[in-house]
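> The structure under discussion is supplied below as structure tokens; questions concerning it will follow.
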Amino acid sequence: MRVFILGAGGFIGTHLIEKLLNDSDYEVSAFDINTSRLEKFTGNPRFTCYTGDIFTETEYIREQVKISDIVLPFAGVAMPSYYLSHPLWTFELDFEQNLKVVRMCSEYGKRVIFPSTSEVYGMSDGSSDLDEEESPLVLGPVNKMRWIYSCSKQMIDRVITAYGQEKGLQYTLFRPFNWIGPGLDTMNDAKEHRARSVTQIIYDVLHRGEVKLVGGGEQRRSFTWIGDGIDALMLILKNEGGHADSRIFNIGNPNNNYSIRELTEIIIDEMKKFPAFRQKAESVKLVTVTPESYYSNGYDDTKNRVPSINNIMSLGWHPTITLREAVNMTLRAYHE
Ligand SMILES: NC(=O)c1ccc[n+]([C@@H]2O[C@H](COP(=O)([O-])OP(=O)(O)OC[C@H]3O[C@@H](n4cnc5c(N)ncnc54)[C@H](O)[C@@H]3O)[C@@H](O)[C@H]2O)c1
């Protein structure tokens, strides 16, 4: 079995490749504009890697799609600050370029496993668990640019589903709910205030002495350990009995539903256990800031997101790692 992963050098891609090379006999072809985090896999005879831009390397991508069995188009913009500062790029990459790849999969009869997002559920408030087949997808107004990511992902979910219906495309959509772990963005992203939650908070404790909580950090999310997420992806890849075909899977941990403030407090608590982090963790301050001052007027928020995970549990998966354990393992990785 040969898999072709675009955006392979990112957070999910690198963790998945590690698992595939260690625990399967799949051949992996990796593609990313930045392959620095993939260097550790070179030398493995089942791994090949190509550095290139999805916008321009169309013929290379076509050749890889042709010789692969499964395609995982993970290239994307996944940091909220970019949805606001680069909305067109977000649309062009997350929608247009990925659609190009999806169309190739349809043309050459390849299976595609596509990363949707929990963001497609839009302005949820946690009053009911978000369900792949039943929940409405409700977005904010157009002048709130944050939603361009969600809207692009929702549209490609719908287009992929339509390709399945009309052209017989073999597909699975998965929706990560705030996957966290080592390698979630870089400290450089955090330096520019662009990283996703856990990385940003760790950086702010270590280098700024204060953590800015947008709107007081009352927003709640269901945080999911990357290793749990990858185990779910492996079940989707294996696709026993074709049970993952033409389906959407939320992949999240409803037991890890915490506010950003609570997440911050857990990170600070755990940092105190590491001698190298203790002093900074003991003196850090939590500061409430407005969304407008942190992001821009284009920001809007989701109060709470809790996934229904019945679909993915039907494949034999359940999440195992608590938020505190996930934070501790992430800190250990940074510490090393
Ligand atoms: N991590 C999560 O919790 C999460 C949640 C919801 C959805 N997703 C989706 O899963 C996918 C992967 O997410 P991730 O967390 O690994 O993101 P990531 O940002 O860590 O990885 C994306 C990768 O795409 C690459 N890329 C960007 N532009 C490119 C281009 N022009 N050509 C080639 N490669 C390019 C980047 O270099 C990066 O390595 C994305 O589509 C994201 O929207 C992730």
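The values are calculated or read from the model by the stated rules, or taken from the named source; none is laboratory data. Treat the numbers as computed from the prediction; the structure is a model and nothing was measured. A quick note on method: Cβ atoms are made from the backbone with ideal geometry, for glycine too, and the neighbour counts reach across all protein chains shown.
> Among the candidates Leu72, Leu38, which residue alone is outside any loop (DSSP other than H, G, I, E, B), within 16 Å of the ligand (Cβ to nearest atom), at pLDDT 95 or above and touching a Cys at 6+ places or on another chain (Cβ under 6 Å)?
Just a single option satisfies the conditions, and that option is Leu38.
> Could I ask something else about it? Restricting the stretch 190-229 to residues that are of a type in the set (Ser, Thr, Tyr) and assigned to a helix (DSSP H, G or I), which is nearest to Tyr295 (Cα to Cα)?
Only one residue fits best here, namely Ser197.
> Tell me whether the stretch 146-160 contains one or more residues that are in contact with a Phe, Trp or Tyr (Cβ under 8 Å, 6 or more places away or on another chain), more than 16 Å from the ligand (Cβ to nearest atom) and over 21 Å from Ile260 (Cα atoms).
no
> Filter the stretch 228-255 down to residues that are surrounded by fewer than 24 Cβ atoms within 10 Å (Cβ to Cβ) and in contact with a Gly (Cβ under 7 Å, 6 or more places away or on another chain), then give me how many there are.
Counting residues in the stretch 228-255 that are surrounded by fewer than 24 Cβ atoms within 10 Å (Cβ to Cβ) and in contact with a Gly (Cβ under 7 Å, 6 or more places away or on another chain) gives 2.
> Still on this model: Got a sec? Which of Gly241, Gly316 is over 27 Å from Met187 (Cα atoms) and outside any helix (DSSP H, G or I)?
None of the others qualify; the one that does is Gly316.
> Checking the condition over 18 Å from Pro73 (Cβ atoms) and surrounded by 19 or more Cβ atoms within 10 Å (Cβ to Cβ), which residue from Phe4, Phe31, Phe41 passes?
The conditions single out Phe41.
> Write out, first by first residue and then by second, each pair whose Cβ atoms fall under 6 Å of each other, whose residues are 6+ apart or on separate chains, and whose first residue, in the stretch 5-34, is in contact (Cβ under 8 Å) with a residue 12 or more places away in the chain while the second is part of a helix (DSSP H, G or I) and among the polar types (S, T, N, Q).
That search, which allows pairs on different chains as well, returns Ser29/Gln64.
> Which of the residues spanning the stretch 3-27 are more than 13 Å from the ligand (Cβ to nearest atom), farther than 15 Å from Lys238 by Cβ and part of a strand (DSSP E or B)?
Glu27
> Determine which member of the set Glu133, Glu92 is out of contact with any Ser or Thr (no Cβ under 6 Å at 6 or more places or on another chain), farther than 25 Å from Gly229 by Cβ and of a type in the set (D, E, K, R).
Glu92
> While we're looking at this one, here's another question. Mind telling me which of the residues Gly109, Gly126, Gly122 ends up being touching a strand residue (DSSP E or B) at 6+ places or on another chain (Cβ under 6 Å) and more than 15 Å from the ligand (Cβ to nearest atom)?
Answer to the selection: Gly126.
> What residue, of Asp269, Asp301, is in a loop (DSSP other than H, G, I, E, B) and either farther than 25 Å from Tyr26 by Cα or touching a strand residue (DSSP E or B) at 6+ places or on another chain (Cβ under 8 Å) (or both)?
Asp301
Per-residue answers, yes or no, for (1) out of contact with any Phe, Trp or Tyr (no Cβ under 6 Å at 6 or more places or on another chain); (2) loosely packed, with under 15 Cβ neighbours inside 10 Å; (3) among the acidic types (Asp, Glu); (4) at pLDDT below 95:
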site	(1), (2), (3), (4)
Asn257	yes, no, no, no
Ala281	yes, no, no, no
Ser293	yes, yes, no, yes
Asn297	yes, yes, no, yes
Asn311	no, no, no, no
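> Give me the pairs: first residue in the stretch 76-103 and over 23 Å from Tyr163 (Cβ atoms) and in a helix (DSSP H, G or I), second residue away from the ligand (no atom under 11 Å from the Cβ) and β-branched (Val, Ile, Thr), beta-carbon distance under 7 Å, and six or more apart or on different chains, which are they?
Listed by first residue and then by second, the contacts come to Tyr83/Ile148; Pro87/Ile148.
> Among the residues of the stretch 49-63, how many are within 23 Å of the chain's Cα centre (by Cα) and away from the ligand (no atom under 14 Å from the Cβ)?
Count: 0.
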